[in-house]
Amino acid sequence: MHKVIEISYLFDFYQNLFTQRQKDLISGYYFEDLSLSELANIYSVSRQSVHETIKKSETKLFELEEKLGLVKRFQNMKMIVEKIDRNISNAMSLKEKDLIDLKKLIVDLKNEI
């Protein structure tokens, strides 16, 4: 299940860099739970062709993330925003140290953007 979630995140960020056929096959296989054989029948290609296209697309997704790191940056920003939100939720009892921590989180978020 972990791989499906990882592919889902990567695909959300990088899908526009794929051909329509690659997008269709990845979507069918990972998100619609279609088998290789079902996809082969739908697109009138061999099962092996579907398998190779999906594997190459997976490799490309991981390579893109390694080079560009968009998913990692997004997750870092999300974590920073969640920390800011938690700190602001306690706004009634903010102390100087809390304000300094909030300022640091905002600087971290700006650096991620």
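The values are calculated or read from the model by the stated rules, or taken from the named source; none is laboratory data. Computed from a prediction, not measured in an experiment: that's the story for all the values here. Neighbour counts run over all protein chains shown; Cβ positions are idealised from the backbone, glycine included. Heavy atoms of the whole protein, side chains included, go into the accessibility calculation; ligands, DNA and RNA do not. Shrake-Rupley method; radii C 1.70, N 1.55, O 1.52, S 1.80 Å.
Some notes on this structure:
- Checked against the criterion of being without any contact (Cβ under 8 Å) to a residue 12 or more places away in the chain and either of a type in the set (Gly, Ala, Ser) or closer than 22 Å to residue 16 by Cβ (or both), the candidates 72, 60 yield just one match: 72.
- Residue match in region 22-30 (condition: open to solvent by less than 90 Å² (accessible area, probe 1.4 Å) and outside any helix (DSSP H, G or I)): no
- Flag for residue 42 being open to solvent by 50 Å² or more (accessible area, probe 1.4 Å), more than 26 Å from residue 113 (Cα to Cα) and part of a helix (DSSP H, G or I): yes
- Residue within region 49-61 that is of a type in the set (A, V, I, L, M, F, W, C) and open to solvent by 50 Å² or more (accessible area, probe 1.4 Å) present: no
- The C-beta contact set for region 89-113 (first residue in a helix (DSSP H, G or I), second residue open to solvent by 70 Å² or more (accessible area, probe 1.4 Å) and at pLDDT below 80, distance under 9 angstrom, 6+ apart or interchain) comprises 98/90; 102/88.
- For region 1-21, a tally of residues being surrounded by fewer than 18 Cβ atoms within 10 Å (Cβ to Cβ), part of a helix (DSSP H, G or I) and free of Cβ contacts under 8 Å to residues at least 60 places away in the same chain returns 12.
- Flag for residue 88 being at pLDDT below 75, surrounded by 10 or more Cβ atoms within 10 Å (Cβ to Cβ) and of a type outside the set (Ser, Thr, Tyr): yes
- Any hit, region 67-78, residues being modelled with pLDDT of 95 or more and in a helix (DSSP H, G or I): yes
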